[in-house]
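Values in this text are rule-based calculations from the coordinates and carry no lab data. What you see is a predicted model, and the numbers here were worked out from it, not measured in a lab. Note: ideal-geometry Cβ built from the backbone for every residue, glycine included; neighbour counts use all protein chains shown.
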Amino acid sequence: MKIHVKRKFAVILFTAIMLAGSVYAGYAQQKRTVSGKVTETATNTPLSGTTVNVKGANSAVTTDADGNFSITAASGDVLVFYFMGYVTQEIEISNQSHIEVFMVEDISELDELIVIGYGTTTKKEVTGSVSSITSDDFKSGNITDPVQLLQGQIAGLNIIRPDGGDPNGSFQIQLRGITTMSGGASPLIVIDGVVGGDLSSLSSSEIQTIDVLRDGSAAAIYGTRATNGVILVTTKKAVPGTSRLEFSSYIAYQTVDKKPDMLTADEFRAALARYGMSNSADHGASTDWFDQVTQSPLTQNYELSSSGGARSLSYRAGISWTNDRGLVKKSSKESLRTRINVSQLLVNDRLRLDYNVTYSTSKSVYADTYILRQAMFHNPTEPIYADENTPAQYGNYYYVGAMEYYNPVAMLEQFDDSGKRKQFTGSINASLSIIDGFKIHTLVSFTETGESYGHYYGKYNPVYIGNDGRAETYNNHGKSKSIEPYLDYSALFNDHRIQAIFGYSYSEQWNESYSAMNYKFDSDMFSFYNLGAGAAIKDGLATMSSSKSSSKLISFFGRVMYNYKEKYLLSASLRHEGSSRFGKNHKWGLFPGLSIGWRLSKEAFMENVKWVNDIKLRAGFGVTGNQEIGNYQSLAILRKGASNFYYNGNWMSTYEPGRNPNFDLKWEKKQEFNIGFDAGIFDNRLNVNFDFYNRRTTDLLYTYSVPVPPNLYNRKFANVGIIDNKGVELRISGIPYTSKNFRWNVTGTISHNTNKLVSFSNADYAMDALDLGYFGDDLKIYTMRIEEGWSLGNFYGPKFLGFDDSGGAKYEDLDGVEGISEADYQIIGNAYPDFIFSLQNTFTYKNFDFSFLIRGSIGNDVLNQTRVYYEGPAYLGTKNILKSSLDSDYTGGAYYSSRFVEDGSFLKLDNITIGYNVSLKSEYISKLRIYITGQNLLTVTGYRGIDPEISLSGLQPGIDWYDFYPRTKTFVAGIKITF
Amino acid sequence: MKKILITTVFILSFFSCTNLDETIYSSIPSDKFFTTEEEFLMSAGRVYSHLLGYTHYYNIWGTITVSTDEALSPLREFNQWDDGGVWRDLHAHTFTPAHDNIYQTWDFLFTGISLCNQILYEFSQSTLDFPVKENMIAEIKVMRAWFYFNAMDLFGNIPLSIDFADVSIPQQKTRAEIFSFVEEELKNNASSLANSPSENYGRATKPFAYTILAKMYLNSEKWFGAPKWQETVDACDSVIKLGTLQLENDYFTNFKVNNQSSKENIFAIVYDKVYANGGNWARRFRFHQLTLHWESTRTFGIIDESWNGFCTSKSFFETFDLTSDSRSNTWLYGPQLDASGAPLLWYGTQVNYTPEINSLFDWSNPARHNQGVRFAKYEYENGLQGECMSNDYAVYRYADILMMKGEALVRQGNAELAVPLFNEVRSRTGLPDYTAAELTLDEIYAERGREFAWEGSRRQDMIRFGKWTAARDHKPAEADNHTELFPVPARAMVNNSNLVQNSGYTN
């Protein structure tokens, strides 16, 4: 299905264009009235709003709600039937007075609509680097967040779920490398024109298309928020004149894919003997702590949606409920998502109103990854529950005193960790056709978010023994309002087509939060629902805090798109935007975007090259910004000090400056140059998209170390550095084979990105090197470093050369001075992949379909923190160690070196689905589909940890931290019925 | 209809259309403060809440204590307390400009200086007058002098900046120039301060200012080759003559949970688990966590988790007479008991603190979990929770005034006059009185060690008595004496290109 919603716009728009652009040709002929009916072939439903005109004449009519039309024409005239997204039909009139026209969807990808922000264009006309996927391409499975739909679909867009199968885990999205040192790194989400939406509040089945503005020229229309790319989501709208009900459901089952390979109890006992250690560390039991804190969960999902109505008033409503249970015991997320869309046409179809209301709630029980780390290194010979020697204060749980060493089962059972979240978004979009070609749009939106979290540590929670129960709550209430009026002009003058917009945007956000903590409860029964009952508040030891903040963003924007004969294409945009967050000297900025295209295939010399259907060269340049820095960063403010001072027998408050103010604070600025081409060859059975980009971010924000005095504090937030990213992206999609019953589609993407930190010092701010990737526990070392001229993501440390005969580790000695010191450190790996790629195959045979998606990464290094600490006998005794410790005679302590920086290249079978569309003769059920899906079933990698696909965002990518969520395999069975 | 819509759009688009001022809700714009006496006091009080960072193990206390023989944190079995080598580098004097504690120390002192400058600036900008204003200004100047005194002691030549309005990068001054500045500031402002610490508890007072002067004069010979023994005696006498201080009969009264009534403490950093707990990780008074074995919390009924780290060296411990000197209760040693008197068990065996320590840093033979005797001079509060002790940390005590005066007299050749001063301090310990003949410099050094263990005095003493670079447990003798000054931290060098590194260090 194409985007039905756009039809109504299109009708009005193109009627106007036709009228304006037609050339009067008045040769005399016998005129008569021809009537007929236009039907949509696939659904056999009337297609209202189709433009019908006599070729060469300046009159046109549109079909009514039943698809009927009548027009004055003469024999020999050619009637042109036009509907956006359908193949335009030309029918010559002979003697008939009634004709039946069947409109067929335009199979060419090139005519697909592309959403580009404040308007649409078509794939053939777009000049920026824009990718889209439609609901047809959506993979099935346990899709917890619509972001997952994009994973492996778009070249250059790297989506990682760092918490594996955690139902409450989030996704990290990175487009074309890292462009910031401390600002936000996620793309801007725009849902139905509402900027800054939250994708997780939307069920994936409510989404019609997702468009991604990848390059600077396309994204520049969104100004200071667009540096990390823009993801435009268009939701499904009503289909007028039909009445439809859809029901779908799935269940999903998860199992552990891989868990840390620690010693079993018997191996632990043998290892104590091997290393000559006292067997006092053997507590006599055999416990698999990992199994004790995990489960094999079942997830359920149900969705229902209705749509229908008349042409002038139509609606769509959907509701979905998911209970996603996690692998870690107790963890879950239950979500309810509802959405209603109402569309109305008024004033002779000149005014269109679209109401969108979404409301979503979720209730989560979180998995504490710290419990998983404790379970990983916990001594497997300890029993779970207390014996006669356990001091009474530890309750029923076995206890061994050691620093930061806790019974994982006690941690899990004695801990409530839950949260609730609700989000309401309401928007109204009004568009009015004033005169031909001119339209005024106004989008008003309102979003409100409420979050509340609570923790309760029971009396015997080993982390808080002696607290007698500890309750914490955190509440947050966010609100945002925006209004965006803009004017839209569209015209066709002979072969010149112009589309232009000009608008204004005002948005304001508020945030209020409140938190409190109390302990010493008489009973665990209250959990965190009776905060005042704790006695610590009487002792002055409970805590309470609240805060409120707000920010504003104001802009003026405009864009002109022009093409000549759909051959020479140009788009130019400009946004003048100001953010309250920046310093008083730099509130406003200018963000231009310019792109051009040349459709070679439209040139005369290409006419004989029959195997090329379409080829377009593109080039673009754009400037975007990043304003995700938090509020009030530039101001001189005073805050209440955490401690009082003793003044004449009383405790007096203290007030201190909040930070070193920086009145020059401004947005990070990214300039990007992009060239590429799109080609459709062999009857459009093979489509190729290629892009090369070069992006430079300047005025990078970072917290700099500054001299004290004259500064008040040793850190100052300032715009200094420069990062470069460049890369190539290739997407190839094709239909290698097609026949009456069988069709094979294949799509592959591959991308490559390199980055370089050009500088992070200037005349005012200096930095030698930036040490990152800090390992705190016991080691207190940095594992990564950035220096000017280096790539980001470098691991930095001693290079491991192997073991000597006595099991001692040998390292490369660079400075010739005996012993390994910082002078011997070198670059020992890089976290970023050389290539990321994906391959999607879809086979359909009669009613069966089968698809699989492979994703992979080549050349990314991963630092395995678990091995750094636990591959070796240093912790054996109080803690468990990795089995791989026994592979060498190493007896030294935990020490960071290249030994633990591993090649993390991988290939994953991300999704495999078999589906069957049941042929039904029923008059009540129009479609019935059943399917089974496997997610993350297979990973091919040489990496020795749990999963080499780990977080690549931020400045310390590629570290596989020992606080982990286990990776899971998921099996899904689902059904979808359309009534 | 059309017109209405167009009009609406245009009204909306120009309504507050370009105002980007920020609305502040939960903090105070700086230009809306400093309007009342109370607001000035609340700003000035930051000097004292800043001091809460002093005792932190990653701050100045950790730096000047672990670098002496009175404290160390060896690498322990089960891979604990490696901490990237910061503790062994301090203890074995192998620190470099990159050392984190040394940077934190520098930052603590110069942030203190900068906030004093800013408080003084705000006073100077206001015409508001109130009775304690002059007194408060003098207090802030004396506190600033104390920060400079510490920075000069630790780093030698340091940048000097005293005007908040001057935003240029400060120039480095010689140790002698800083000495003169501090001396003058103290002399000029002492008269405006309170006579007694009990009057202005936890704040700068006359005795505090004179104590700093005494310490400067006492070390003048070592620092500049210019002895100022008589000035030391005079400065101590200025404190003694005030008559506002006296020794406590029980040494440990000065270190109790409720030690604010101590008549002996000249200057204390006032901690309180409710009102003055530092507010964050880096500003809490947490000796209990630093030193006690994981299980020892059950001896004292402490609820916080303890970390089994800091202990004292065997040779330092052995300077205490365990049978006669009541000050030996500074240490926890031997088999340990829980609160009920039963043996304190870990893995089924009784925790037994031993003076021997296998090594400072040796993965093949690390210190055992129970090695090294532990610190218990400050009373551990039953039920302690929240990672901050409520005991006030005694920075300077009256005993130090008596012993500094005694030392200066001995160095002047007046041992006879020094005898009653030392014996006044010693009389409460249970040890026999000194005779003049016994008061050798080595004995004074040892006695200061016993009296002021873990009180931040040892580094100055070791340097002044020529012991700093000598061989001791876990540290060989040093080839030269460059470590008597700490290096200027590498981060400070990057931030201020005017700075020249101390000799013996490479960046």
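The overall shape of the range B:36-75 is prolate: from the C-alpha gyration tensor, with semi-axes ordered a ≥ b ≥ c, the ratio a/c is 1.5 or greater and a/b exceeds b/c.
Mind listing which trypsin sites (Lys or Arg not before Pro) in the range A:469-541 are in a DSSP loop and have 14 or fewer other Cβ atoms within 10 Å?
Working: sites: A:ARG470, A:LYS479, A:LYS481, A:ARG497, A:LYS520, A:LYS538; in loops: A:LYS520, A:LYS538.
Filter output for the range A:469-541: A:LYS538.
In plain terms, the C-alpha convex hull of the range A:652-708 casts an average shadow of 8.5 nm² when viewed from every direction.
Considering only beta bridges that DSSP places wholly inside chain A, some 95 percent are antiparallel.
Cross-link partners of B:LYS141 among aspartates and glutamates, defined as those whose alpha carbon lies under 16 angstrom from its own and excluding same-chain residues fewer than eight positions apart: B:GLU122, B:ASP163, B:GLU183, B:GLU184, B:GLU185.
At what distance in angstrom do the alpha carbon centres of the range A:827-857 and the range A:919-979 lie from each other? Each part's Cα centre sits 13 Å from the other's. Once Rh for the range B:141-284 is found with the Kirkwood sum over Cα pairs, what is the Stokes-Einstein diffusion coefficient at 20 °C and 1.002 mPa s, in µm²/s? This corresponds to a translational diffusion coefficient of 127 µm²/s. Given in Å, the Rg to one decimal and the Dmax to the nearest whole number for the Cα atoms of the range A:110-235 are 13.9, 41.
Beyond a 23 Å Cα-Cα separation, which of these cross-linked pairs lie in this structure: B:LYS405/B:LYS475; A:LYS846/A:LYS927; A:LYS548/B:LYS133; B:LYS215/B:LYS467? It would help to have the intermediate numbers written out before the result.
Values: B:LYS405/B:LYS475 32 Å; A:LYS846/A:LYS927 15 Å; A:LYS548/B:LYS133 34 Å; B:LYS215/B:LYS467 18 Å.
In this structure, B:LYS405/B:LYS475; A:LYS548/B:LYS133 exceed 23 Å between Cα atoms.
Histogrammed with a bin width of 10 Å, the alpha carbon distances of the range A:815-899 distribute as 13, 25, 25, 17, 11, 7, 2, 0 percent, first bin at zero.
Hey, what did chain A get for relative contact order, percent, Cα under 8 Å, at least 6 apart? Show your work: numbers first, answer last.
Values: 2715 pairs, mean separation 106.9, N = 979.
Reported relative contact order: 11 percent.
Gyration tensor analysis over the Cα atoms of the range A:489-581 returns equivalent ellipsoid semi-axes of 61, 15, 8 Å (largest first, whole Å). Quick one: Debye curve from the C-alpha atoms of the range B:140-193, no solvent, what's log10 I(q)/I(0) at q = 0.13, 0.17, 0.18, 0.24 Å⁻¹? Taking Cα atoms of the range B:140-193 as identical point scatterers yields -0.31, -0.52, -0.58, -0.95.
Near A:THR978, once Lys and Arg are set to +1 and Asp and Glu to -1 for all other residues with Cβ below 14 Å from its Cβ, the sum equals +3.
When only Cα pairs under 8 Å and 6 or more residues apart are kept, what is the percent relative contact order across the range A:110-235? Walk me through the numbers before you get to the answer.
On the way: 224 pairs, mean separation 36.3, N = 126.
Here the relative contact order equals 29 percent.
On the principal axes of its alpha carbon atoms, chain B extends 102, 59, 47 Å, with the longest extent given first.
When only alpha carbons are used to place a centre, the range A:661-703 and the range A:737-785 end up 16 Å from one another. Taking N as the residue count of the range A:562-629, its C-alpha radius of gyration divided by 2.2 N^0.38 Å amounts to 1.74.
Largest first, the extents of the alpha carbon coordinates of the range A:277-332 on the three principal axes equal 83, 15, 12 Å. The smallest convex shape that holds all Cα atoms of the range A:219-260, its convex hull, gives 153 Å³ per residue. What does a probe at A:ARG743 reach in the range A:141-155, counting residues whose amide N is under 14 Å from the point 7 Å along Cα→Cβ? Once the point is set 7 Å along Cα→Cβ of A:ARG743, nothing inside the range A:141-155 turns out to lie under 14 Å by backbone N.
All other residues whose Cβ lies under 12 angstrom from that of B:ARG464 are scored, Lys and Arg at +1 and Asp and Glu at -1, for a net of +2. Among B:ALA415, A:LEU113, B:ALA437, pick out the residue whose Cα is farthest towards the positive end of the charge dipole of the protein assembly as shown, where Lys and Arg carry +1 and Asp and Glu carry -1 on C-beta, about the Cα centre. Looking along the dipole axis, the top candidate is A:LEU113.
Around A:LYS669, under 10 Å between beta carbons, what's the net of Lys plus Arg minus Asp minus Glu among the other residues? Once positives and negatives cancel, what remains is +1. Values of log10 I(q)/I(0) for the range B:394-507 across q = 0.20 Å⁻¹ run -1.06, by the Debye formula with one identical scatterer at each alpha carbon and no solvent. The dipole here belongs to the protein assembly as shown: it is taken about the Cα centre, uses +1 on the Cβ of Lys and Arg and -1 on the Cβ of Asp and Glu, and is about 5940 debye.
Taking only the alpha carbons of the range A:260-381, we obtain Rg and Dmax values of 27.4, 91 Å in that order. When you filter the GluC sites (Glu not before Pro) in the range A:895-979 for DSSP loop state and at most 11 other Cβ atoms inside 10 Å of their Cβ, you are left with A:GLU923.
Rg of the Cα atoms in chain A, relative to 2.2 N^0.38 Å, amounts to 1.05. Kirkwood-type hydrodynamic radius, the range A:772-828: 12.7 Å, calculated from all non-identical alpha-carbon pairs. Shape of the range B:297-396 from the C-alpha gyration tensor: rounded (a/c under 1.5, with a ≥ b ≥ c the square roots of its eigenvalues).
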